[in-house]
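To keep things clear, I will list the structure first and then write my remarks on it.
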Amino acid sequence: MKDIQAAPGEGENHSQVQGTIQVWDLPVRLVHWLMVFCFAGAYLTAEMDAWRLVHVTLGYTMAALVCFRLGWGFFGTYHARFSIFVRGPRATLAYLRSLPSGRPQHFTGHNPAGAVAILLMLAIALALTASGWLLYAEKAGAWMEEVHELIANLMLAVIALHVAGVLVASRLHRENLVKAMFTGRKRGVQAGPAQGPGLRGGIAFLLLLLVLGFWWWQGSGADIPGDGKVAASRERSHAGAEDD
């Protein structure tokens, strides 16, 4: 990880930034918004037994998306690679300390604080989906349900911090970062090979096709590990609590 030195085009002063360039490719943007949808849907349906199929399906989808994003972080386009936007503690602290000045260093891709949030969310998402699988496949005891809920709430807290950081950075850098995650375009200096459609669009289309196909397969009546057992376990727990 880079500690102080930024990659070419990754740490510019405001005076250097001219116009907009394509920064985030279609696979990165697709994974980002699919993960938003999956986590929100899974979180809202967590306590609804009638929606358990949806909850588990979204959880499996999120696990697959995280795995894809990890691979894309090593073999994807320039700004998608961890080696480009992940920096060390000193660079991250320096960026955070520069925020009160109102003119922090501008980064074409993710800034150092945003990079930390991304790594945290990917790690927590893996822990969340792993604990969910252990719970629904009955590979662990009833205590796993509490662990799963705790990790989900931790994810929600990190997401809240990330959203707050995006809003602050958007204001300080005078650019709409939410819009940029839809369009892929940001103000910055071109570094690395210019991005074109081609292969990246095909990979994004294939990824979306696989996700939609998996959702259709799950909705057509596919078996889920632990089907019917978790709800029964909850009913026994509630019954035991009432007896006490």
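Here are a few things to note about the model shown:
- Stretchable slack from V168 to V36, in nm (0.36 nm times residue separation minus alpha-carbon distance): 45.6 nm
- Available extension along the chain between N176 and W217 is 11.0 nm, counting 0.36 nm per residue and deducting the alpha carbon span.
- Whole-angstrom gap from the stretch 154-185 to the stretch 71-124, using each part's C-alpha centre: 12
- Paramagnetic reach from L119 in the stretch 67-90 [backbone N under 18 Å; point 7 Å along Cα→Cβ]: 67, 69-76, 79-90
- Subtracting the Cα-Cα distance of A160 and A130 from 0.36 nm times their residue separation leaves 8.6 nm of extension gain.
None of the figures in this text is laboratory data; all of them are computed from the coordinates on show. Treat the numbers as computed from the prediction; the structure is a model and nothing was measured. So basically every Cβ, Gly included, is an ideal-geometry build from the backbone, and we count neighbours across all protein chains shown.
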